[in-house]
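Every number here is computed from the coordinates shown, using simple stated rules; none is lab data. Remember, it's a predicted structure, so these values are computed and weren't measured experimentally. Neighbour counts are summed over all protein chains in view; Cβ atoms, including those assigned to glycine, are modelled from backbone coordinates with ideal geometry.
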């Protein structure tokens, strides 16, 4: 039997295995690509309109609430800013933005939370789960509920625009950008320690002024006490001494001259 004939009788498993593996890899890659490509249209105009209804239904007030959000002055990169803001926004919608159950606003918040869960697959992680709650590039804001909802709407709107242009944009690694925030925070802490101590400086300025005030008050009290003592001495002298020819003396003389 020729070698060619022998080769024709070989079982197909000897050459089919690698091709099957390659085909599986290609299929899985295409499926993963399709899953990620849905990010480009997962945020619709209806979601933004829903957020606008939330904003319009709020009462105008000057009362402010405290919440933690990304400090854009520290994190200027738009992609890294949104990656950090996305995680914080999830916590804000769960803990801070709360409405009475079964109201239209409460239902809208639930829909937005579901949207954020669908978006989670569009953001790659730059750190482990323990660092997700890291306060790097974050500061506390004090704003009205309207301003807070505007921030949430801006995050969704900017995320929608970036994903529409590039569905894989949030695969960018932002570890270096986050590390810069940490270095800036350390520099501020060390810089604050080298600055002059304001409480001590203020004490040196206030001590002479306080001493002058105490001296002035003490002098005023001493003057009033001395003046009061003088008045008391004058009153005592006038009550003990009676001048000659006083009305009292004249009355006594008149009483003596009256015949019995």
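Considering every alpha-carbon pair of region 42-102, the percent of pairs per 5 Å bin, from zero through the bin containing the longest distance, is 4, 13, 16, 23, 24, 14, 5, 1. Size of region 39-180 from its Cα atoms: along the principal axes, largest to smallest, the extents are 41, 32, 24 Å.
What separates the Cα centres of region 134-151 and region 47-64 is a distance of 15 Å. Take the Cα of residue 114, go 7 Å toward its beta carbon, and none of the backbone nitrogen atoms of region 148-163 fall under 12 Å from that spot.
Relative contact order of region 39-180, taken over Cα pairs closer than 8 Å and 6 or more residues apart, is 47 percent. Model label points for residue 73 and residue 229, set 7 angstrom from Cα along the Cα-to-Cβ axis, are 6.2 nm apart. Relative intensity of region 106-175 on a log10 scale, I(q)/I(0) at q = 0.11, 0.19, 0.22 Å⁻¹, equals -0.36, -1.09, -1.31, per a Debye sum over C-alpha point scatterers of equal strength in the absence of solvent.
Placing dummy labels 7 Å off each Cα toward the beta-carbon, the span from residue 49 to residue 103 is 2.3 nm.
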